[in-house]
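Every number here is computed from the coordinates shown, using simple stated rules; none is lab data. It should be emphasised that the depicted structure is a prediction, and the values quoted were computed from it without experimental measurement. Glycine also receives a Cβ, built like all others from the backbone with ideal geometry; neighbour counts cover every protein chain displayed.
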Amino acid sequence: MINWTKLKRRIPSKVVIGNYTYEVLFIDEFKSPSTLGETRLEDKQIVLKNGQTPKELVKTYLHECLHAVSEEFDVNLTEQQILKMEEALSFILRDGNIFKKGKK
Ligand SMILES: [Zn+2]
């Protein structure tokens, strides 16, 4: 299981991806109402829309991080590939899945 609310609270204000530090910002509205997040590659910003459920927000955040990873590591993922990776990351994040649960 994934505790989306806990993950949402742990979204940092800065995230290091490759040689760059991306600022994580929240806004109420994008120009296009259907946009939930945006990675500004020039400005090194990940911008997330307020008002999403914790699960949506975390997935949007992961999605935007993947855009930044794709750029900074020269992976050149397409939007479709990023959407699939976003789904796949949910399994990576699942507690006790790719790493067994253990004592601290
Ligand atoms: Zn995208």
>> From the list Lys14, Lys49, exactly one residue is crowded, with 17+ Cβ neighbours inside 10 Å and within 28 Å of Phe91 (Cβ to Cβ). Which is it?
In response: Lys49
>> Take the residues in the range 56-82 that are assigned to a helix (DSSP H, G or I) and over 11 Å from the mean Cα position of the chain (by Cα); name whichever of them is nearest to the ligand (Cβ to nearest atom).
In response: Glu79
> Could you count how many residues in the range 37-79 are in contact (Cβ under 8 Å) with a residue 24 or more places away in the chain and not aliphatic (A, V, I, L, M)?
Replying inline: 18
>> Among (1) assigned to a loop (DSSP other than H, G, I, E, B); (2) more than 16 Å from the ligand (Cβ to nearest atom); (3) within 14 Å of the chain's Cα centre (by Cα), there is one condition Gln52 misses while meeting the rest; what is its number?
In response: (2)
>> For the range 83-104, give me each residue that is touching a helix residue (DSSP H, G or I) at 6+ places or on another chain (Cβ under 8 Å) and within 15 Å of the ligand (Cβ to nearest atom).
In response: Leu83, Met85, Glu86, Leu89
>> Let me spell it out: the conditions are (1) over 25 Å from Arg94 (Cβ atoms); (2) among the hydrophobic types (A, V, I, L, M, F, W, C); (3) surrounded by fewer than 17 Cβ atoms within 10 Å (Cβ to Cβ), and Leu77 meets all of them except one. Which number is the exception?
In response: (1)
> under 15 Å from Ile2 (Cβ atoms), over 12 Å from the mean Cα position of the chain (by Cα), without any contact (Cβ under 8 Å) to a residue 24 or more places away in the chain and in a loop (DSSP other than H, G, I, E, B): does that describe Gly102?
Replying inline: no
